[in-house]
Amino acid sequence: MNEEAGKEIGTGLGEISNVDVKAIASEQAHFLRMRVDIPLNKPLRRGALVVSPEGDKSWVEFKYERIVGYATHVGD
């Protein structure tokens, strides 16, 4: 996990306006937080398949903050 990989993922969602580099610097970090301006005329994505330079595939789950009325799970 690094800033460059995060920006590449974020760019696929919309225009990046901020990346929280403090979260990346922590040895215990299991997430990357960034602010992305997302066009809301398209459905929000729950995640994406990411391929490392070595060819390893991993599913990355997206979590959205401060979106009123958006449910992340059925029944929310």
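The values are calculated or read from the model by the stated rules, or taken from the named source; none is laboratory data. Values in this document were obtained by computation on a predicted structure and should not be read as measured data. FYI the Cβ positions are ideal-geometry reconstructions off the backbone, even for glycines, and counts take in every protein chain you see.
Remark: pairs (first residue in segment 4-18, under 10 Å from ALA48 (Cβ atoms); second residue among the β-branched types (Val, Ile, Thr) and part of a strand (DSSP E or B); Cβ separation under 9 Å; 6+ apart in sequence or on different chains) = ILE9/VAL50; ILE9/VAL60; LEU13/VAL36.
Name the residues in segment 1-12 that are closer than 22 Å to ILE67 by Cα and modelled with pLDDT under 80, would you? Can you show your working first?
Within segment 1-12, the subset closer than 22 Å to ILE67 by Cα is 6-7, 9-12.
Selection gives GLY6 alone.
Return the residue satisfying two criteria in turn: it lies in segment 13-47 and is modelled with pLDDT under 85 and of a type in the set (Asp, Glu), and of such residues it is farthest from PHE62 (Cα to Cα). Across segment 13-47, the extreme among qualifying residues is GLU27.
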